[in-house]
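K.L.:
Before I ask anything, let me first share the structure, which is written out below as C-alpha cells.
The values are calculated or read from the model by the stated rules, or taken from the named source; none is laboratory data. Given the structure is predicted, the values throughout are model-derived calculations rather than measurements. Cβ sites come from the backbone with ideal geometry, for glycine too, and all protein chains shown count toward neighbours. For accessibility, only protein heavy atoms count, side chains too; no ligands or nucleic acids. Shrake-Rupley method; radii C 1.70, N 1.55, O 1.52, S 1.80 Å.
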Amino acid sequence: MEADDDYQLSFPAIRGVQAGREYYVAMCPINVAVDIIKLSEEDESLPIELKAQRALNKTRIPAIADYIIDNPDTYAFSSLTVSIDSNVNFKAFGSVGIQKKLGVLKVPYGVTYLINDGQHRRAAIELALKEKPELRHETISLVLYVDRGLKRSQQLFADLNRYVVRPTPSISILFDHRDPMARLTLSVVDKVPCFKELTEKAKTTISNRSRKLFTLSVLYQANCDLLKKKKGSQTTDEDLDLATHFWKAVCTNMNDWELARKRHIAPSELRSDTIHAHGIILRALGRLGPSLVSLPKDRWEETLEGLNKINWDRSNLSIWSGRAMTSTGRISKSHTNIILTSNYLKTMVGLSLTPEEEKIEADFTKNAKHA
C-alpha cells in the first residue's frame, strides 16, 4: 500500500463480483488499517438506527490484543470488512485471464471507511500496536465494498452475522493447541481406556443413538475442578499424572461405564435410566478430586469403592431430586447442583465437606424440609 501523488492510497488487490457488484480484497499494513478505519460507532450520542455496527464491547479488546502480543509467530486474523463512500480506480495487471482480477486498487484520501465486520479486531490491533510498535510491518486483508451507504452497510452487517455459528466448546478444546488444560484433557482421554472409548470430542450434547457417554468439554471442566486450575492455566507432567491416575481409579469403580465401553450395555440406556451417564457426575467427581488426592495414592481405590454403594438410578428421587435433577426430572448442571451432587458423593466415600459445601448442604436440607 502506498500513497500516490494525486492523493490516493494504492493497495495490492484482487477484484471480485458478488450480487452483481464489484468488491475488492486488499492487503494493508495493520497500522494503516487502524489509521483509515475509524470506530465512529463509539459515539454513544448517535442513535442506534444511524449506526452500521453494534456497540463496541470494550471488555473484549484487551484479551484479543493479548492474543496478538502473546502469539507473535502464530496469531491469525480474518479480514476486516469495510464499506467506502467513494468510487475507486482498479488498475488490472493485464487484460486477459487472471490478470484482469489482480491489480492495484486506488482509493482517494479522505473517504470514510465504515467497518461492517471486525471492529473488535481493529480496536485490539490499535491496542497491540501501542505495546509492540514493530507490528506495523504486519498486514491484514481488507474486504472493500464500494459506496454502500448506511442502509446497505447495516444490511451487510446483518447478513455477515446471520449464519455465524460458534464452534462447540468440545471442538474448540480439541483444536486449541495453545491451552495447556486442553492438551492435558486430550492426553487424559487417550490414557484412560474408559474415556478413550466413550468421549464425544466434537459435540457438546450427545444424541440418543450415540455410543458415547461423555463430552470433551465436560471432562475439561472436571479436570479444571480436579486440579483447581482455570481455563488456559499452565500444567505440568505431575498434573497429567495425577489426573490420569485419578480418573483410572474412578473408572475402576464405575462398573456401568466399563460395561458401556465393552458394549455390553447401550450408552443410550444408561443416559435414560441413570445419573452417572451425565456430565454432572463428571463435574461432581472433579470437585471431589482435590479431597481424594490429598490422601496417599494407595488409599484412593479403597476410598472410591464407596461409589459402588450408590444407587445411580434416576428413579431414586429421594437422593437425586434437587441435587442432580430438577423437580421435573431434568438433569441440572448449575453450580449449586454440581456442589450438592458432589456433597453426596463425598459423603458416600467418606470424605469431609468444606465449609462452603456444608453451608450449601444445610440450605438444601432446610429448603427440602419446608418444601
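K.L.:
So how many residues does the stretch 64-87 have that are open to solvent by less than 40 Å² (accessible area, probe 1.4 Å) and either assigned to a strand (DSSP E or B) or modelled with pLDDT under 90 (or both)?
P.N.:
Result for the stretch 64-87: 6.
K.L.:
Does Leu345 fit the bill of being within 31 Å of the chain's Cα centre (by Cα), surrounded by 14 or more Cβ atoms within 10 Å (Cβ to Cβ) and closer than 23 Å to Arg211 by Cβ?
P.N.:
No: the conditions fail for Leu345.
K.L.:
Moving on. Could you tell me whether Arg263 is open to solvent by 40 Å² or more (accessible area, probe 1.4 Å), under 29 Å from the mean Cα position of the chain (by Cα) and either closer than 24 Å to Ser321 by Cβ or not small (Gly, Ala, Ser) (or both)?
P.N.:
So Arg263 does not fit the description; no.
K.L.:
Which of (1) assigned to a helix (DSSP H, G or I); (2) over 24 Å from Asp363 (Cβ atoms); (3) not hydroxyl-bearing (Ser, Thr, Tyr) is the odd one out, the single condition Gly289 does not satisfy?
P.N.:
(2)
K.L.:
Taking into account only those residues within the stretch 192-214 that are more than 22 Å from Pro290 (Cβ to Cβ) and in contact (Cβ under 8 Å) with a residue 60 or more places away in the chain, which is surrounded by the most Cβ atoms within 10 Å (Cβ to Cβ)?
P.N.:
Filtering the stretch 192-214 for residues that are more than 22 Å from Pro290 (Cβ to Cβ) and in contact (Cβ under 8 Å) with a residue 60 or more places away in the chain, the one surrounded by the most Cβ atoms within 10 Å (Cβ to Cβ) comes out as Leu213.
K.L.:
I'd like to check which helices (runs of 4 or more DSSP H) are fully inside the stretch 146-262 and have at least 2 residues that are among the basic types (Lys, Arg) and farther than 30 Å from Tyr113 by Cα.
P.N.:
Once the helices (runs of 4 or more DSSP H) in the stretch 146-262 are filtered for at least 2 residues that are among the basic types (Lys, Arg) and farther than 30 Å from Tyr113 by Cα, what remains is 180-191.
K.L.:
Is one or more of the residues making up the stretch 306-323 open to solvent by less than 50 Å² (accessible area, probe 1.4 Å), farther than 28 Å from Thr204 by Cα and at pLDDT below 95?
P.N.:
There is at least one residue in the stretch 306-323 that is open to solvent by less than 50 Å² (accessible area, probe 1.4 Å), farther than 28 Å from Thr204 by Cα and at pLDDT below 95.
K.L.:
If only one of Asp225, Asp256, Asp239 is touching a Gly at 6+ places or on another chain (Cβ under 9 Å) and open to solvent by less than 50 Å² (accessible area, probe 1.4 Å), which one is it?
P.N.:
Being touching a Gly at 6+ places or on another chain (Cβ under 9 Å) and open to solvent by less than 50 Å² (accessible area, probe 1.4 Å) holds for just one of Asp225, Asp256, Asp239, which is Asp225.
K.L.:
What pairs come out if I take residues in the stretch 273-294 that are touching a residue at least 40 places away in the same chain (Cβ under 8 Å) and pair them with residues that are of a type in the set (Val, Ile, Thr) and open to solvent by 20 Å² or more (accessible area, probe 1.4 Å) whose C-beta lies under 7 Å away, six or more apart or interchain?
P.N.:
What qualifies is His278/Ile331; Ile280/Ile331.
K.L.:
Every residue in the stretch 97-154 that is of a type in the set (Ser, Thr, Tyr) and modelled with pLDDT of 85 or more, please.
P.N.:
Selection gives Tyr113, Thr139, Ser141, Tyr145.
K.L.:
In the stretch 91-139, what count of residues is obtained for those that are of a type in the set (Asp, Glu) and surrounded by fewer than 16 Cβ atoms within 10 Å (Cβ to Cβ)?
P.N.:
2
K.L.:
Let me ask something additional. Of the numbered conditions (1) surrounded by fewer than 20 Cβ atoms within 10 Å (Cβ to Cβ); (2) at pLDDT below 95, Ile173 fails exactly one; give the number of that condition.
P.N.:
(1)
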